[in-house]
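Shown next, in structure tokens, is the structure this report addresses.
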Amino acid sequence: MTNTNLLKLNLGPQHPSTHGVLRLILELDGEKIVSCKPDVGYLHRGMEKMAERLSYVQYYPTVDRIDYLAGFFYSELFCEIIEKALNVELSERVKAIRVLLLELNRIASHLLWIGAYLMDLGAVSPFFYTFRERELILKYFEKITGQRMMNNYFIFGGVRRDIFDIEDVEEFLEILKTKIKDYERIIDSNPIFLQRTKGKGVLEQNVALNGAITGVNLRASGVNLDFRTKHKLYEGYEFTPIVSEGKDCYTRYRARVLELNESSKLIKQAIEKLKQNSALNQTLIQPIGLKLPAGEFYSEIEAPRGLASCYVKSDGENKPYRLKWRTGSYYAVNLLRKLLKGTYLNDAIAIAGSLDIILPEVDK
Amino acid sequence: MLKGIKGLIVSMLTVFKHLFKNSVTLEYPEKKIILSNNFRGMPIVEGCIKCGTCIKVCPSGAIKIESDNFNINMEKCIFCGNCAYYCPKNCIKMSDNYELASSDKNDLSLNFDISKKGEE
Amino acid sequence: MNYLYFLYIEFLTKHNVPQIIGDITFYCIPITIIFIVLLLVVLALVLAERKLLGWFTQRKGPNRVGFWGILQTLADALKLLCKENITPSSADRFLFNLAPILMFTPALVVLGLIPYSSEFMFVNFQTNVLIYIIFAGFPILSILIGGWASNNKYSLFGGMRNVSQVLAYELPIAFSLLGVITLASSMNLGKITLAQSTQYGVLGWFWMPCIIGFIVMFISILAELNRCPFDLPEAESELICGYNTEYSGMRFALFYLGEYSLLFANALFLSVLFLGGYLSPFGKYISTVFFGGQIGEILLYFEQVFWLILKSFFIIFVVIWIRAVFPRMASFDLLKFSWAFLLPISILNLLLMVLLKYFMGGVYA
């Protein structure tokens, strides 16, 4: 039975603040949301099916496009699968390069989120300020990898070319430090921003855990779970995962800002390691005719939007038998069902934005 | 309350400060972004030995080699640079030409004459 | 105005034209002046807003059309003129077409009530302020009609939000206005301006004794104009474009024009009420100091207009500045803010003003 007093509203798939093509089917009582049903699939590109058709080296460049804001993470996952299957050890320098670029990419992704979130809330300026800093990172990526976003820089067993101009990164970190203070002055001190985010969209621990939420969203609810602590690349790095107790939109925003600092620390350590190990020493895997041994392989990493993982089942051919991606945003979208119920349309945008959903990652 | 007002003033003044800074806009068609040597733009082929490696590594099937003609379909190319990276003779290069918009579909089909093999 | 009127009639009677024709044509002149000036100002305002927002965010703003982007808004207006007027098939055609007109016309009327200088006051009623408030409230009707007639859910939300918002913020405006009226002992904008010319110069303007009223009124006018941080009726990231989602072409341009001309009118209104209107901030007018005789007297009028426009542009600058910084308010906090905070404070302000008038009435005689 449908209640005829309710107003059915399609939020999206073409809507300025659904970050792509998310469609939320809302039932509204006045401006109050009675029920919310996310509808995904408008950006489905068949990333998983495509893997079964292409050889490993052919599939690899498309992997970056799963999440265009954090392409390095997915490259890393896929390379890791191949390296694990063929038991290839990475040299120290290659590891340091990868950590450096991954963390830079995390900063770029979080910067974009901060800007876009403030844009969702209606503030204009922070969007351009964060893009200004992100531009520096993208310029560095372009210098090293040849492209600004679809980098395709990691290859099986190493990286395409050695890294250079590390001074640029050090310079950028200095700039970022002062700019973060600027953001805090503009955003954190603004009472309207606090009013919009504090106490809104409270995500309880058990709800988050049951919903398979990972990443910043989970840590902002007070669960200490950071997959970087277990990851092989990050061995020998010192950092503390940002765990905060607030559970609301504001905490999630703060956690991302703090994570910018944490990533900067990791980058500094990576630069130290790069200076100690100057030889690249990589044992590349011959890509043509590459066949993985029969079996199942799995890799996981802490991406900006939560746990990302890749599962490959190989039957010994040069193509995977089955490949599966696990992405953080997919579960966050599902969570909207619970989080948006009972809120007002106005807050719904603030809550949906705070989860950092990105649609290519959801639909794959 | 007072804290809120102070916060408002601080955030307003911080934005106001930017009024006097130089703009970061790049006026595109007149001034162009400075690209690095590694930039992956339109591919260029020279001295191909027809080994076929590039065809095998291309994810989108954009490359075709017919007797003396090396054809790259730029409608399909995703600029991943696989062909350039894995080419054994380094004869595919990614140039820094990124202005490939065209109103004619034929412009997007690049043909390279490869009848002259390398020196060998 | 009377001075100009007599000059005009005198000129006509010299050429044997009956006075009745003079009476009719005389009122066409101010309307034409207002319309032309308004169009120019709106064009400049849109450009200024885009330029300023650009500079606030370290961009350049429009810089392609014409020198320094000066023709950008003209080009935009031309584009809107050339576009097709689309009426959604399920919209209420009559109301849909009526709404943009209702938005724009009050702005024209309202501008006629402002005393631009001691002579240029096109329509001079004793109760100017009341008429201003009535006409400035008209756009709420237009937005509601437009939002409803579009038959679009987002538009409807925009219209409804606007009504609740304007209802909430109309009262604080009225109460802080009453404070000013008490101080000036008049409901005529010209007399309110004159009441501010005291021996204290800038400090004698009403913003000083009535500072609470000034701030309350400024905030409420932001809400009335649907400006950031109260831009809920057209919240881009929530309601796409709010009440004008379905409008295109010339009708959209009329909404746009109406919004900006009301912004200009309200900035003028605020500067008349609180910033001394056409009075010079130095106490003396520059033109009378430098030019003696008749030229000085004529230039004086233009100087007064200049001061008024300058003050209103300062207010508009602050409005744009606020837009660059603030996020949008939440819909319920917005109503709470008005009913629970602004309204009591503006009533308190009125009380203060009455006391001030009673004990220090001599200053604002």
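In table form, for the structure just shown:
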{"quantity": "Scope region A:192-247; condition part of a helix (DSSP H, G or I) and over 30 Å from C:Phe230 (Cβ atoms); matching residues", "calculated": "A:Gln205, A:Asn206, A:Val207, A:Ala208, A:Leu209, A:Asn210, A:Val216, A:Asn217, A:Leu218, A:Arg219"}
{"quantity": "Of all residues in region B:73-102 being among the hydrophobic types (A, V, I, L, M, F, W, C) and more than 19 Å from B:Val57 (Cα to Cα), the one that is nearest to the other protein chains (Cβ to nearest Cβ)", "calculated": "B:Leu100"}
{"quantity": "Single residue of B:Ser36, B:Ser60 found to be surrounded by 12 or more Cβ atoms within 10 Å (Cβ to Cβ), facing chain A (nearest Cβ under 9 Å) and free of Cβ contacts under 8 Å to residues at least 12 places away in the same chain", "calculated": "B:Ser36"}
{"quantity": "Flag if B:Ser23 is part of a loop (DSSP other than H, G, I, E, B), in contact with a Gly (Cβ under 8 Å, 6 or more places away or on another chain), more than 9 Å from chain A (Cβ to nearest Cβ) and of a type in the set (S, T, N, Q)", "calculated": "yes"}
{"quantity": "Pair list, Cβ under 7 Å, 6 or more apart: region A:141-164 residue within 9 Å of chain B (Cβ to nearest Cβ), other residue of a type in the set (Lys, Arg)", "calculated": "A:Glu142/A:Arg148; A:Gly146/B:Arg40; A:Gln147/B:Arg40; A:Met150/A:Arg65"}
{"quantity": "Residue within region A:311-327 that is of a type outside the set (Asp, Glu), crowded, with 19+ Cβ neighbours inside 10 Å, in contact with a His (Cβ under 8 Å, 6 or more places away or on another chain) and not in a loop (DSSP other than H, G, I, E, B) present", "calculated": "no"}
{"quantity": "Subset of region B:39-57 that is within 19 Å of the chain's Cα centre (by Cα), away from every other protein chain (no Cβ under 11 Å) and assigned to a loop (DSSP other than H, G, I, E, B) - its residue that is surrounded by the most Cβ atoms within 10 Å (Cβ to Cβ)", "calculated": "B:Met42"}
{"quantity": "Qualifying helices (runs of 4 or more DSSP H) (wholly inside region C:274-365; at least 1 residues being modelled with pLDDT under 85 and closer than 17 Å to C:Leu203 by Cα)", "calculated": "C:343-360"}
{"quantity": "Lone unmet requirement of (1) over 17 Å from the mean Cα position of the chain (by Cα); (2) under 14 Å from A:Val159 (Cβ atoms) for A:Glu76", "calculated": "(1)"}
{"quantity": "Residue within region A:71-94 that is of a type in the set (A, V, I, L, M, F, W, C) and closer than 30 Å to C:Val325 by Cβ present", "calculated": "no"}
{"quantity": "Scan of region A:191-231 for residues that are free of Cβ contacts under 8 Å to residues at least 60 places away in the same chain, in contact with a Phe, Trp or Tyr (Cβ under 7 Å, 6 or more places away or on another chain) and crowded, with 20+ Cβ neighbours inside 10 Å, ordered by number", "calculated": "A:Ile192"}
{"quantity": "Any hit, region C:224-240, residues being under 18 Å from the mean Cα position of the chain (by Cα) and among the acidic types (Asp, Glu)", "calculated": "yes"}
{"quantity": "Counted residues, region B:45-74 - those being among the hydroxyl-bearing types (Ser, Thr, Tyr) and either in contact with a helix residue (DSSP H, G or I) (Cβ under 6 Å, 6 or more places away or on another chain) or over 14 Å from A:Gln58 (Cα atoms) (or both)", "calculated": "2"}
{"quantity": "Qualifying residue in region A:19-29 (condition: hydrophobic (A, V, I, L, M, F, W, C) and not in a strand (DSSP E or B))", "calculated": "yes"}
{"quantity": "Filter result (touching a Leu at 6+ places or on another chain (Cβ under 7 Å), of a type in the set (D, E, K, R) and within 23 Å of C:Gly61 (Cα to Cα)) within region A:118-171", "calculated": "A:Glu133, A:Arg134"}
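For (1) under 25 Å from B:Thr25 (Cα atoms); (2) in contact with a helix residue (DSSP H, G or I) (Cβ under 9 Å, 6 or more places away or on another chain), each residue gets a yes or a no:
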site	(1), (2)
C:Tyr8	no, yes
C:Asn16	no, no
C:Phe35	no, yes
C:Val41	no, yes
C:Gly61	yes, yes
C:Ala91	no, yes
C:Ala99	no, yes
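The values are calculated or read from the model by the stated rules, or taken from the named source; none is laboratory data. Note that the coordinates shown come from a computational prediction; the quantities given were computed from them, not determined experimentally. Using ideal geometry, Cβ is built from the backbone for each residue, glycine included, and neighbour counts are taken over all protein chains shown.
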